[in-house]
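Undergrad: I'd like to ask you about the structure that follows.
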Amino acid sequence: MTPSLIAAPLQPAQVWLLVAVALVCAVTDVFRKKVYNAITYPAIVLGFVVQVALYGLPGLWSALAGFAIGFFPAFMLLVLGGMGGGDVKLMGAIGAIAGGVAATEALLLGVLFGAFIGLGQLAWHGVLWKSLWRQTKMIVGLVVPSVRPQGLIPPELKHELRFGVALAAGTLVTLYDLKTGLIAGLLS
């Protein structure tokens, strides 16, 4: 069975590789505050190797499309300061292993989980409403010139988010969704 650039069912080798990479990166991100190149670079290469071994030349195109779909939007988040470099390479690896559709879903779910984790962290530290008010003023200030956005973010509102955990959760939920159709069932 050859994958299309749109969607391909994942084979057990791809699933197990995704689970291993996601879990290892989540653990290192929590305990070492880093997603290591020693994990992401080999995972990217293995993603290409597994895709080509399973599907031949169409697997190469699937891995390239998945890598691009995983890497480049995450890279834009890195440029904007919302994600670390290890997280970007992790998304590239997820895309190379799983292909474009799974990479898209994993990235979207990862960002969603990251937002929930971030809001939870702000609430835990007691600065959720202050932070939301500040962001609202900033957004309104972009549209309404008379509203002045505030300057730099004060230290009490800055909290580091372990995005590798959110991306791992997004990947695992994506795998579950690909197997069960859970999200499509919820949306219909």
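The values are calculated or read from the model by the stated rules, or taken from the named source; none is laboratory data. Everything quoted here is computed from the prediction, not taken from an experiment. Glycine also receives a Cβ, built like all others from the backbone with ideal geometry; neighbour counts cover every protein chain displayed.
Undergrad: Anything in the stretch 104-128 that is over 30 Å from Tyr176 (Cβ atoms) and surrounded by fewer than 16 Cβ atoms within 10 Å (Cβ to Cβ)? List them, or say none.
TA: The answer is His125, Gly126.
Each row is one residue, and each column tells you yes or no for (1) touching a residue at least 24 places away in the same chain (Cβ under 8 Å); (2) surrounded by 18 or more Cβ atoms within 10 Å (Cβ to Cβ).
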{"position": "Ala20", "(1), (2)": "no, no"}
{"position": "Val30", "(1), (2)": "yes, no"}
{"position": "Tyr55", "(1), (2)": "yes, yes"}
{"position": "Leu60", "(1), (2)": "no, no"}
{"position": "Ala65", "(1), (2)": "yes, yes"}
{"position": "Val79", "(1), (2)": "no, no"}
{"position": "Gly84", "(1), (2)": "yes, yes"}
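Undergrad: Filter the stretch 166-182 for residues that are over 16 Å from Ile97 (Cα atoms) and buried (at least 21 other Cβ atoms within 10 Å of the Cβ) and give the result.
TA: Matches in the stretch 166-182: Ala166 only.
Undergrad: Additional query: Restricting to the stretch 156-181, count the residues that are at pLDDT 80 or above and in a helix (DSSP H, G or I).
TA: Result for the stretch 156-181: 18.
Undergrad: Could you please find all residues in the stretch 129-149 being of a type outside the set (Val, Ile, Thr), modelled with pLDDT under 80 and loosely packed, with under 12 Cβ neighbours inside 10 Å?
TA: Once the filter is applied, which keeps residues that are of a type outside the set (Val, Ile, Thr), modelled with pLDDT under 80 and loosely packed, with under 12 Cβ neighbours inside 10 Å, the stretch 129-149 yields Leu142, Pro145, Ser146, Arg148.
Undergrad: Would you mention how many residues in the stretch 31-85 are part of a loop (DSSP other than H, G, I, E, B) and within 15 Å of Gln14 (Cα to Cα)?
TA: 1
Undergrad: For Lys33, are the conditions met, namely being on the phi > 0 side of the Ramachandran plot and either at pLDDT 95 or above or not small (Gly, Ala, Ser) (or both)?
TA: Spelling it out, Lys33 is indeed on the phi > 0 side of the Ramachandran plot and either at pLDDT 95 or above or not small (Gly, Ala, Ser) (or both).
Undergrad: Cβ-Cβ distance below 7 Å, separation of 6 or more or different chains: which pairs start in the stretch 169-188 with a residue that is closer than 22 Å to Ala13 by Cβ and end on one that is acidic (Asp, Glu)?
TA: So the pair list comes out as Thr174/Glu105; Asp177/Glu105.
Undergrad: For Ile44, only one of the following conditions fails: (1) touching a residue at least 60 places away in the same chain (Cβ under 8 Å); (2) farther than 20 Å from Tyr176 by Cβ; (3) not small (Gly, Ala, Ser). What is its number?
TA: All conditions pass for Ile44, except number (1).
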